[in-house]
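Here the structure comes first, spelled out in structure tokens, and everything after it is commentary.
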Amino acid sequence: MINIEINKIYCMDNLELMKSLPSESIDLIYCDILYNTGRKFKDYNDKLGTTKDAIDWYIPRLIHMHRLLKTTGSLYLHMDYRLSHYLKVELDKIFGEDNYRNEIIWQRDAVGKGAKKTSKQWPREFDNILFYSKSKNNKFYQQYKSGDELTYTQLKEFRYSEPTGRKYKIVTLGDYSLESIKRMKENGLIHKTSSGKEYKKYYLDEFKLAIGSIWNDIPNLSHGKNYESVNYDTQKPKELLRRIILSSTDEGDVVADFFCGSGTTLVVAKELNRRYIGCDINSRAIEITNERLLSSEGIDQKIINET
């Protein structure tokens, strides 16, 4: 047994760490797990054996993740097609089918990247992120795209302008009450066409587009030179973790990553004023994570080794 501390990173078997953590102590768990590709990367081996070996290895870890989450907590498990359908079955058993929230599709690469005419398949350009909650009372804050993130087609809808140059599009009044329409007229929020038909003005600078479960706006770090890169295979972009952490936690909450790799989850958690727990069995991963955490202002770091 070890003395568990918050805002620390642990170099040890993540199952042993999870066993040492108290129940219902974590608000969010994100893990970019081993995909069991069989590949040997520069910093780690992505091999757990057969698919059955991999599932058997994951089950006790998933059980502890469920135990560790608070009632309002959430789990985001990041993988690819090799394990996603198998682990969803196990997560349904552990978390309950009613606590499945979404499968997020992250399009990490351009469709044409690496595609070969001889592959006889559609390009594999996305990862899967399974999103489960501990209960139906999970924290969730919808994330939005702002007006400056709209596509050219979406921007074309804002073809009207006020004398001040403020752009807007028009939408039907729908089921607004007569009283509401009267107030909108008084506030200059009604657009009348030449035929006399009335519409509500929707201003570009107030526009927010809800983000869905297909994320194709966060490029992978493999796209040319990237200032975030720390030269760690399969490193994930900070924006991916920002979206997840902002959607499922408040400031001061505890975020855990038991496959922390290069430490992106912990770095973003720290930047967003969340507390964190990190773990990886690979000493090189812990070294890189510690360097990234120390390079930002805030809490001093400590590596805890358990052998």
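The values are calculated or read from the model by the stated rules, or taken from the named source; none is laboratory data. Since we're looking at a predicted model, the values are computed, not measured. Cβ placement follows ideal geometry from the backbone for every residue including glycine, while neighbour counts extend to all protein chains displayed. For the accessible areas, the whole protein counts, side chains as well, though only heavy atoms, and no ligand, DNA or RNA atoms are used. Shrake-Rupley method; radii C 1.70, N 1.55, O 1.52, S 1.80 Å.
Here is a yes/no grid of residues against (1) among the acidic types (Asp, Glu); (2) in contact with a Ser or Thr (Cβ under 7 Å, 6 or more places away or on another chain); (3) under 29 Å from TYR144 (Cβ atoms):
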position: SER229; (1), (2), (3): no, no, yes
position: LYS270; (1), (2), (3): no, yes, yes
position: ASN282; (1), (2), (3): no, no, no
position: ILE286; (1), (2), (3): no, no, no
position: GLU291; (1), (2), (3): yes, no, no
Which residue pairs have Cβ atoms under 8 Å apart, sit 6 or more places apart or on different chains, and have a first residue in segment 45-69 that is more than 18 Å from SER25 (Cβ to Cβ) and a second that is open to solvent by 70 Å² or more (accessible area, probe 1.4 Å) and part of a strand (DSSP E or B)?
-> ASN45/ARG39; ASP46/ARG39; ASP46/LYS40; LYS47/ARG39; LYS47/LYS40
From the set of residues in segment 252-268 that are farther than 26 Å from LYS42 by Cα and of a type in the set (A, V, I, L, M), which is surrounded by the most Cβ atoms within 10 Å (Cβ to Cβ)?
-> VAL255
Is it true that some residue in segment 130-150 is within 20 Å of LEU241 (Cβ to Cβ) and part of a helix (DSSP H, G or I)?
-> yes
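So which of TYR152, TYR168, TYR132 is without any contact (Cβ under 8 Å) to a residue 40 or more places away in the chain and in contact with a Ser or Thr (Cβ under 8 Å, 6 or more places away or on another chain)? Talk me through it step by step, then tell me what you get.
Values: TYR152 fails: in contact with a Ser or Thr (Cβ under 8 Å, 6 or more places away or on another chain); TYR132 fails: without any contact (Cβ under 8 Å) to a residue 40 or more places away in the chain.
Step by step, each of TYR152, TYR168, TYR132 is checked, and only TYR168 is without any contact (Cβ under 8 Å) to a residue 40 or more places away in the chain and in contact with a Ser or Thr (Cβ under 8 Å, 6 or more places away or on another chain).
Can you name the residue in segment 151-169 that is touching a strand residue (DSSP E or B) at 6+ places or on another chain (Cβ under 8 Å) and not in a loop (DSSP other than H, G, I, E, B) and is also surrounded by the fewest Cβ atoms within 10 Å (Cβ to Cβ) among such residues? Explain how you work it out, then say what you get.
Taking segment 151-169 first, the residues touching a strand residue (DSSP E or B) at 6+ places or on another chain (Cβ under 8 Å) are 154, 157-162, 166-169.
Next, only the ones that are not in a loop (DSSP other than H, G, I, E, B) stay: 154, 160-161, 167-169.
Details: GLN154: 15, TYR160: 16, SER161: 11, LYS167: 19, TYR168: 22, LYS169: 19.
If we take residues in segment 151-169 being touching a strand residue (DSSP E or B) at 6+ places or on another chain (Cβ under 8 Å) and not in a loop (DSSP other than H, G, I, E, B), then SER161 is surrounded by the fewest Cβ atoms within 10 Å (Cβ to Cβ).
Got a number for residues in segment 170-185 being touching a helix residue (DSSP H, G or I) at 6+ places or on another chain (Cβ under 7 Å) and open to solvent by 100 Å² or more (accessible area, probe 1.4 Å)? I'd like the intermediate steps shown before the answer.
Residues of segment 170-185 touching a helix residue (DSSP H, G or I) at 6+ places or on another chain (Cβ under 7 Å): 173.
When the remaining residues are screened for being open to solvent by 100 Å² or more (accessible area, probe 1.4 Å), the result is none.
So the answer is 0.
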In segment 54-90, residues that are among the basic types (Lys, Arg), in contact with a helix residue (DSSP H, G or I) (Cβ under 6 Å, 6 or more places away or on another chain) and within 21 Å of ILE105 (Cα to Cα) total 0
Looking at TYR76, is it modelled with pLDDT under 95 and not small (Gly, Ala, Ser)?
-> no
Leading residue by the ranking (modelled with the highest pLDDT) among those in segment 138-150 that are open to solvent by less than 70 Å² (accessible area, probe 1.4 Å) and of a type outside the set (S, T, N, Q) | LYS139
Search result, residues across segment 246-288 that are farther than 22 Å from THR72 by Cα and without any contact (Cβ under 8 Å) to a residue 24 or more places away in the chain = GLU287
Name the single residue, out of those in segment 7-37 being out of contact with any helix residue (DSSP H, G or I) (no Cβ under 7 Å at 6 or more places or on another chain) and of a type in the set (Val, Ile, Thr), that is least open to solvent (accessible area, probe 1.4 Å).
-> ILE33
Go over the candidates ILE4, ILE55, ILE59, ILE63 one by one and state the one that is modelled with pLDDT under 95 and surrounded by fewer than 19 Cβ atoms within 10 Å (Cβ to Cβ).
-> ILE4
